[in-house]
Amino acid sequence: MSIPRRIGVLTGGGDCPGLNAVLRAVTKDALFHGIEVCGIEDGFLGLIENRIRPLDYESVSGILTVGGTILGTSNKANPRAFPTSTDADGNPVFEDLSDRCMAHIEQHGLDALVCIGGDGTMTGAHPFTEAGVSVIGVPKTIDNDVFGTDLTFGHLTAVDTATEAIDRLHSTALSHHRAMVVELMGRNAGWIALSAGIASGSDVILLPEMPFSYAAIAEAVERRRQRGARATIVAVAEGARPAGGAQVVRDVDPLSPDPIRLGGIARQVAAEIEARTSVEARHVVLGHLQRGGTPCAEDRVLCTRFGHHATTLLREGRSNRMVALVGNQVTDVDIRTPAGRQRTIPPDEPLLDVARAVYTSFGVPG
Ligand code: F6P
């Protein structure tokens, strides 16, 4: 495999803090080593629509601290199944547009692609790896659910944001002797809720990986009240559900490769607390606030390490790898590793014991 002369870089899927930091690191590192860089706008959508422009040193200067992505992104542009029309019933008709993308890759003389995104973006890149284009993936998402890496960039910032928000909820909870239930993102993984829950001293943490019982939550709230606690904070992951019950679906987006949008469990938990205890409860959904803003220092460092590793792999003539953090080492795995899998919290995750040891309830009996 030869060293690329010109590479394309894109950001795909939902935005998260640190996308610009990775774009900056990849672009500067590549330019430093004499490799030209083109930015592909709005993820794979820009590849489909041929919106590709050169990036120079100035284009990526001053963006390390800026949230979002200067290139834009899309979570609805799978090159193999792109919605191009609707049928007689109004249902979307999907077409394989990989060949069109390949034509644009060739037109711009791109020898390699750096695809910054989550599992959907890694999977979306498959047609190009199969066609012989060198592809390097860089794993992002606030959810930290990409299989093959211990950490995605963006996650630590989201945990910081969620922790700060929960800290603020303590004021009202304590002043009004209430239970405050805060809903955090994460899809089917509870990493944000677990880490922010521990960091904020939440009394109850509800995770998708551990179906809960309303009776056990009510018992934990009542027990605290009887001990004289003035408030209870419940951190609930959007994907959490009662044992034997279903996740709460907020919306279904048929055009998205991942159509389910979760949301609404906090309202139900707060209502059940009020119904089952003598404690007043309120709920807050933190939502997209968790995805915005400047990356925290750890994320800025991680993004710069990830970007450097991506260009190093390309300079070594390697391809079809996803950059990963294993332990504290930046390394790489096969880019197909995350396909069809999610990195959820395993039952033996040490943080679970850490939380239990400080009397955190997971809303399960016993
Ligand atoms: O994957 C990141 C994420 O923010 C999830 O935590 C959340 O479930 C989802 O994206 C929300 O998607 P959207 O921005 O399309 O509403």
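Considering Ala25, Ala88, which residue is aliphatic (A, V, I, L, M) and surrounded by fewer than 16 Cβ atoms within 10 Å (Cβ to Cβ)?
Residue meeting the stated conditions: Ala88.
Could you please let me know if Arg225 is away from the ligand (no atom under 16 Å from the Cβ), in a loop (DSSP other than H, G, I, E, B) and out of contact with any Pro (no Cβ under 9 Å at 6 or more places or on another chain)?
Details: away from the ligand (no atom under 16 Å from the Cβ): yes; in a loop (DSSP other than H, G, I, E, B): no; out of contact with any Pro (no Cβ under 9 Å at 6 or more places or on another chain): yes.
For Arg225, the condition - away from the ligand (no atom under 16 Å from the Cβ), in a loop (DSSP other than H, G, I, E, B) and out of contact with any Pro (no Cβ under 9 Å at 6 or more places or on another chain) - is not met.
Quick check on this structure: which one of Ser85, Ser61 is in contact with an Asp or Glu (Cβ under 9 Å, 6 or more places away or on another chain) and either touching a residue at least 24 places away in the same chain (Cβ under 8 Å) or hydroxyl-bearing (Ser, Thr, Tyr) (or both)?
The unique qualifying residue is Ser85.
For the range 122-155, how many residues meet the condition of being within 16 Å of the ligand (Cβ to nearest atom), surrounded by fewer than 24 Cβ atoms within 10 Å (Cβ to Cβ) and not polar (S, T, N, Q)?
Total meeting the criteria: 2.
Quick check on this structure: which one of Arg300, Arg282, Arg305, Arg336 is in a loop (DSSP other than H, G, I, E, B), away from the ligand (no atom under 16 Å from the Cβ), among the basic types (Lys, Arg) and modelled with pLDDT of 95 or more? Show your work before the answer.
Details: Arg300 fails: in a loop (DSSP other than H, G, I, E, B); Arg282 fails: in a loop (DSSP other than H, G, I, E, B); Arg305 fails: in a loop (DSSP other than H, G, I, E, B).
Residue meeting the stated conditions: Arg336.
The conditions are (1) modelled with pLDDT under 95; (2) in contact with a Gly (Cβ under 8 Å, 6 or more places away or on another chain); (3) surrounded by fewer than 16 Cβ atoms within 10 Å (Cβ to Cβ), and Pro257 fails exactly one of them. Which is it?
(3)
If I ask for residues that are within 11 Å of the ligand (Cβ to nearest atom) and aliphatic (A, V, I, L, M), which ones from the range 256-276 would you list?
Ile260, Leu262, listed by residue number.
Quickly run through the range 228-245 and pick out the residues that are aliphatic (A, V, I, L, M), more than 16 Å from the ligand (Cβ to nearest atom), in a loop (DSSP other than H, G, I, E, B) and under 23 Å from Gly186 (Cβ atoms).
We begin by selecting, within the range 228-245, every residue aliphatic (A, V, I, L, M); these are 229, 231, 233-237, 240, 243.
Applying the additional criterion that residues be more than 16 Å from the ligand (Cβ to nearest atom) yields 229, 231, 233-234, 243.
Within this subset, residues satisfying the condition of being in a loop (DSSP other than H, G, I, E, B) are 229, 231, 243.
Scanning the range 228-245 gives a single hit, Ala243.
Kindly indicate whether any position in the range 160-172 is under 23 Å from Val249 (Cα atoms) and not small (Gly, Ala, Ser).
At the first step, the residues of the range 160-172 found to be under 23 Å from Val249 (Cα atoms) are 162.
With not small (Gly, Ala, Ser) added as a condition, the list becomes none.
Looking for residues that are under 23 Å from Val249 (Cα atoms) and not small (Gly, Ala, Ser), one finds none in the range 160-172, hence no.
Taking Ile217 as meeting all but one of (1) hydrophobic (A, V, I, L, M, F, W, C); (2) within 11 Å of the ligand (Cβ to nearest atom); (3) surrounded by 24 or more Cβ atoms within 10 Å (Cβ to Cβ), write down the number of the exception.
(2)
Name the pairs: first residue in the range 1-30 and of a type in the set (Asp, Glu), second residue within 16 Å of the ligand (Cβ to nearest atom) and assigned to a helix (DSSP H, G or I), Cβ to Cβ under 7 Å, at least 6 apart or on different chains?
These pairs meet every condition: Asp15/Arg291.
Being part of a loop (DSSP other than H, G, I, E, B) and farther than 18 Å from Asn75 by Cβ, is that true of even one residue in the range 252-263?
Checked against the condition, which is being part of a loop (DSSP other than H, G, I, E, B) and farther than 18 Å from Asn75 by Cβ, the range 252-263 yields no hits at all.
Condition test on Val284, is it in the same structural domain as Leu206 (by TED's automatic domain parsing) and in contact (Cβ under 8 Å) with a residue 24 or more places away in the chain?
Details: in the same structural domain as Leu206 (by TED's automatic domain parsing): yes; in contact (Cβ under 8 Å) with a residue 24 or more places away in the chain: yes.
So Val284 passes the test.
The values are calculated or read from the model by the stated rules, or taken from the named source; none is laboratory data. The model shown is predicted, which means the values in this text are computed figures rather than measured ones. FYI the Cβ positions are ideal-geometry reconstructions off the backbone, even for glycines, and counts take in every protein chain you see.
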